[in-house]
Amino acid sequence: MKDMVEIRWHGRGGQGAKTASLLLADAAFNTGKYVQGFPEYGPERMGAPITAYNRISSERCTVHSNIYYPDYVVVVDETLISAVDVTAGLKADGAIVINSGKSPEEIRPLLKGYEGKVCTIDAGKISEEELGKNFPNTPMLAAIVKVSGIVEPEAFVKDMEASFHHKFASKPHVIDGNMRALKRSMEEVKIG
Amino acid sequence: MGIRERLSGNEAVAVAMRQINPDVMGAFPITPSTEIPQYFSTYVDNGQVDTEFIAVESEHSAMSTCIGAQAAGCRAVSATSSCGLCYMTEMLYVAASDRLPITLAVSCRALSGPININNDHSDAMGVRDTGWLMLFAETNQEVYDNYLQAMRIGEAVELPIMICQDGFITSHAIENIELVEDDKVKAFVGEYNPKHYLLNKDEPMAVGAYATPTYYMEAKRQQAQAMIDAKDVIRKVGAEFGEMTGRTYGLIEKYMMDDAEEAIVIIGSSAGTAKAAINELRAEGKKVGLIKIRSFRPFPSEDIAEALKNVKAFAVMDKDDSFNAHCGPIYAEVCAALFSNGVVGPKGINYIYGLGGRDVRIESIKTVYAELDKIVETGCTGETYRYLEVRE
C-alpha cells in the first residue's frame, strides 16, 4: 500500500455510503493505520447524491479538506454515473468500483474516458440473496478492500466478523448473512 | 501510554465528559445542539455516569440550567452550535459575570442566512465578548485534550469556558485519537470545590444580584482581571497535561516559525491543511510558517507579537466576517496586539475564508502564501480586506 490512500464514496442519502466509509476507516484502523472518515454534508434527504471520504495513511494526515484526486472511487448506486462526475480527479493508476450487475466492459464507456481499472460488483443481488434486503454496504466495503488491498483480506474478514458480533449482538441471525455477503463480494468483484 | 481509538470530534467530547462525570448537563436534545448530548445521554442511561441530564426546550434554558446548577456548587456542562449558541447569548453573559466555571462544547457552524449547516466560526466569534474563555481545536485529539483541561482552567479563574471545534470537519469526522485512561483523567481533573456556592448553609449568599453604578464597574474589572490571569493558568495546565500525555499545550502553536519570513495566523481545523501546504512550500525552499491560535479568549497578544515580529509579511485568516467594511475579528486583534507590543515592521493582510463550509484545500492556503510573496517583493499590501476563493 502507498503511504497514503484516498477514497471517495458516491451514494444516495439513506444507502449507507457514509456508514460504509466509516466501516472502512475502522477496518484500516484495526490494522494500525491512521484513518480519516468523513461525509460531505449537504441538504440531506433520502435519495439525494451524497459524498463521503477516507484517508488511510501510515503517518497522521493533518489535511482537513475534501478529496479531489482520489486513488479509488466507490459508487454505491449505479444511477449516479449519469448524475455525478464520479471519475473527476480519479488517478489513472487507481480504480473505480461500481455497484452494478453489468460487466466492467459494459460500464467503461459511461465513464468519460477513464483509463484506470473499472470494477463491478452486484452488491444489490448479493445483499438480496444473503440478507434478504438491499443493503449494498457490506458487499461494497468488501469489494473496495479486495480491489485496493488496503487491508489483508484474511485480516479483514476476521476483523469484520468480530465487529458484526459486536454490532449485531442483539440480532445474531444477521451475522452469518453479512459474513457470506462479505466473502462472496470479495470473490465475485469483476476487475476490468 | 494512552488508549488508541478512532472517534469523531463529537464522540471524543462525549467520552471526555463520561470520564469526568460532571454533576449536571443542561442541554437542548435536538439539532442544532450537536450529537454530544445524544452520545452523553447513553452514558447517563447506561449508568456509566451519575450526571443529572436535564433536557430543556431551548438553549437559553440549557444555559440557565447550567447557571443554576453551577451556582449551587455543581459542575455543569452543555453543548451546542450555530443558532443554538446565539440563542444562549443572553445567559452566556450571566454565566461569566456570575463567575460560574461552566464548560460548554461548541461545534462551530455558520449562521443563517443563507441557511447553511456547515462549518465556519460565525457562531463562536459572535459571542467572543461574553466573557467566556475560548479554546479552539485543530483535531479531534485537540478537542478531547482541551476538554480534559477545561475545568482546571475555568475553575482556577472562576470563568466559564468554551471548548470549540470545527463543525462537521472534525465534529463528524473519524480520526485516530489517543485517549487518557479513566483513572488518570479523574486524578487530573480532580474534584470541584467552589469557594462560594448557594447550597452552603453556612454562607448564605445571593447570585446574580443587581449592581448599581457604584459597584457594576468593579465587578467588570474583576472579570477582566480573571481573563488576564487565565493566560498563565492555561500555560500551566497545558504543561501539566503534557507531563501526563506528552502533548503539551500553550496559548498558541507555532509551526515552522523559527526562520519564517511569511506567516499565516489561523484557528481551527484548517491549520492542519495549512501545515501540509507549508511542508510542500518548505520543500521548494520557501521560508513560510504558521501561528495557530489555541486560546482566543484570553487573546495571546504578547505571544503573537513575539512570534510575528521578525516576519516580512503575514496573513490573518478569519472564518467569519465582522461586516465592518474593514476586517475580520482575528485580524483586528492581531493588529492591535502588534501595535500595542511595538511591532510595526511586518505587513499584514486579512482573508475571510471557508464561510459556510467552503472547502479549504492545500491549494487555497498556497494562494495566500503566493500573495504574501508579492507583498514581500513589492513592499505593498494592496487591499488588506480580502475574500479567499470567492466568485465575484
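Pairwise over distinct Cα atoms, reciprocal of the mean inverse distance: report the Kirkwood radius of region B:161-233 in Å, one decimal place. Don't skip to the answer; put the middle values down first.
Details: mean 1/r = 0.0579 Å⁻¹.
Mean inverse Cα-Cα distance, inverted, gives 17.3 Å.
Order of B:GLU371, B:GLU57, B:GLU389, B:GLU191 from fewest to most other C-beta atoms within 10 Å? Don't skip to the answer; put the middle values down first.
Numbers: B:GLU371 19, B:GLU57 9, B:GLU389 15, B:GLU191 6.
Going from least to most buried by this count: B:GLU191, B:GLU57, B:GLU389, B:GLU371.
With a 10 Å Cβ neighbour count serving as the proxy for reagent exposure, in which order, fewest first, do B:VAL127, A:VAL84 appear?
On the way: B:VAL127 20, A:VAL84 15.
Exposure proxy ranking, most exposed first: A:VAL84, B:VAL127.
Arrange B:HIS172, A:HIS166 by Cβ neighbour counts within 10 Å, fewest through most, would you?
Values: B:HIS172 21, A:HIS166 8.
In increasing order of surrounding Cβ atoms, one gets A:HIS166, B:HIS172.
Once the Cα atoms of helix B:270-283 and of chain B are each reduced to a long axis, what angle between those two axes, in degrees from 0 to 90 to the nearest 10, is obtained?
30 degrees
Is there a quick way to get the dipole size of region B:3-245? I mean about its Cα centre, with the Cβ of Lys and Arg at +1 and of Asp and Glu at -1; what is the value in debye to the nearest 20? Write down the numbers at each step before the final one.
Values: 17 positive and 33 negative charges, 96 e Å.
The dipole of region B:3-245 has a size of about 460 debye.
Tilt of helix B:82-97 relative to the longest C-alpha principal axis of chain B, in degrees (0 to 90, nearest 10)?
The angle comes out at about 70 degrees.
Assign unit charges at the C-beta atoms only (+1 for Lys and Arg, -1 for Asp and Glu), then state the dipole size of the protein assembly as shown relative to its Cα centre in Debye, rounded to the nearest 20.
Details: 59 positive and 80 negative charges, 109 e Å.
Its charge dipole is roughly 520 debye.
For B:LYS287, give me every one of the aspartates and glutamates with a C-alpha distance below 16 angstrom, ignoring sequence neighbours fewer than eight places off in its own chain.
B:ASP258, B:ASP259, B:GLU261, B:GLU262, B:GLU371, B:ASP373, B:GLU377
Tell me the relative contact order for region A:4-191 as a rounded percent, counting alpha carbon contacts under 8 Å between residues six or more apart. Write out the running numbers ahead of the final one.
Values: 377 pairs, mean separation 38.4, N = 188.
With pairs under 8 Å counted, the relative contact order is 20 percent.
Need one number: % antiparallel among DSSP beta bridges in region B:252-387, to the nearest 5.
On the way: 4 of 22 bridges.
So the antiparallel bridges in region B:252-387 amount to around 20 percent.
Anyone know which of A:LYS33, A:LYS117, A:LYS133 comes out most mobile in the 10 Å Cα GNM of chain A?
A:LYS133
So what's the Cα pair-distance distribution over the protein assembly as shown, bin width 10 Å, in %?
3, 16, 25, 25, 18, 9, 3, 1, 0
Please list, by residue number, every one of the trypsin sites (Lys or Arg not before Pro) in region B:160-259 that is coil in DSSP and has at most 16 other beta-carbon atoms within 10 Å. All intermediate terms of the calculation are to be shown ahead of the outcome.
Details: sites: B:LYS184, B:LYS186, B:LYS195, B:LYS201, B:LYS220, B:ARG221, B:LYS231, B:ARG235, B:LYS236, B:ARG247, B:LYS254; in loops: B:LYS195, B:LYS201, B:ARG247.
Filter output for region B:160-259: B:LYS195, B:LYS201, B:ARG247.
May I ask you to derive the relative contact order of region B:3-245, considering only C-alpha pairs under 8 Å and at least 6 residues apart, and to give it as an integer percent? Display every interim value, and only then the final one.
Numbers: 463 pairs, mean separation 55.8, N = 243.
Answer for region B:3-245 is 23 percent.
Taking the Cα atoms only, what angle lies between the long axis of helix B:36-45 and the longest principal axis of chain B, rounded to 10 degrees?
Value to nearest ten degrees: 30.
First check a/c for region A:4-191, with a ≥ b ≥ c the square roots of the eigenvalues of its C-alpha gyration tensor; if it is under 1.5, answer rounded, and if not, answer prolate when a/b is larger than b/c or oblate otherwise.
Working: a/c = 1.41, a/b = 1.15, b/c = 1.22.
Rounded, since a/c falls under 1.5.
At most 11 other Cβ atoms within 10 Å plus a DSSP loop assignment makes a site exposed; report the longest stretch of chain B without any exposed chymotrypsin sites (Phe, Trp or Tyr not before Pro). Kindly include the intermediate steps, with their values, before the conclusion.
Values: sites that count: B:TYR210, B:PHE323.
Value returned for the longest uninterrupted segment is B:1-209.
Would you give the gap between the C-alpha center of region B:284-304 and the C-alpha center of region A:91-114, rounded to a whole Å?
Spelled out, the Cα-based centre of one part sits 46 Å from the other.
Please build a GNM for chain B, connecting alpha carbons under 10 Å apart, and tell me which residue among B:GLY382, B:GLY154, B:GLY348 fluctuates the most.
Looking only at B:GLY382, B:GLY154, B:GLY348, the biggest GNM fluctuation is shown by B:GLY382.
So which of A:LYS125/A:LYS167; A:LYS33/B:LYS236; A:LYS117/A:LYS171; B:LYS184/B:LYS366; A:LYS91/B:LYS275 end up more than 30 Å apart by C-alpha?
Pairs exceeding the cut-off: A:LYS33/B:LYS236; A:LYS117/A:LYS171; B:LYS184/B:LYS366.
Pick out which of B:VAL77, B:VAL334, B:VAL106 has the largest mean-square fluctuation in a Gaussian network model of chain B, springs linking Cα atoms closer than 10 Å.
Most flexible of the set in this elastic network: B:VAL334.
Determine the dipole magnitude for region B:1-98: charges of +1 sit on the beta-carbon of Lys and Arg, -1 on that of Asp and Glu, nothing else is charged, the reference point is the Cα centre, and the result goes in debye to the nearest 20. Intermediate results must be reported in sequence, preceding the final value.
Values: 4 positive and 11 negative charges, 67 e Å.
Here the size comes out at about 320 debye.
Readers should treat all values here as calculations from the given coordinates under stated rules, not as data from a laboratory. Because the structure is a prediction, the values reported are computed rather than measured. Methodologically, a virtual Cβ is constructed for each residue, glycine included, from the backbone with ideal geometry; neighbour enumeration extends over all protein chains shown.
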